[in-house]
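A short write-up of the structure that comes next.
The values are calculated or read from the model by the stated rules, or taken from the named source; none is laboratory data. Since we're looking at a predicted model, the values are computed, not measured. No Cβ is skipped: glycine too gets one built from the backbone with ideal geometry, and neighbour counts run over all protein chains shown. These area figures cover heavy atoms from the full protein model, side chains too; ligands, DNA and RNA do not enter into them. Shrake-Rupley method; radii C 1.70, N 1.55, O 1.52, S 1.80 Å.
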Amino acid sequence: MITDESDRLFKRRLEMVERAFEHLLADPHYGPLMLEDGRPEFLADLRQEWRERQDRARAHLAHDLREEASLAES
């Protein structure tokens, strides 16, 4: 499910989570806590949403290009 925030803001948040996740998971104290808390699934959900956002943007661009080509032919 795609959230209401902009793609730019979402991508920035995803990048922050990915950077923090890697360091925290390697920590002997926080790593097990993150695994128990389901953080790997949370990160997987964020990555899935980013793929959906990219797919939506590509579909929108393809639609716009087809529409522009249709108008140019007229």
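For the chain, the fraction of C-alpha pairs more than 17 angstrom apart is 57%. Helix 7-26 and the longest principal axis of the Cα set of the chain meet at an angle near 20°.
Think of a 1.4 Å ball rolled over the protein heavy atoms: the chain then has 81 Å² of accessible area per residue. In plain terms, the chain from D45 to E68 could stretch by 4.8 nm, reckoned as 0.36 nm per residue minus the Cα-Cα distance.
Suppose R0 equals 30 Å. What FRET efficiency, 1/(1 + (r/R0)^6) with r the Cβ-Cβ distance, do Y30 and Q54 give to the nearest 0.05? E(calc), rounded to 0.05, equals 0.50.
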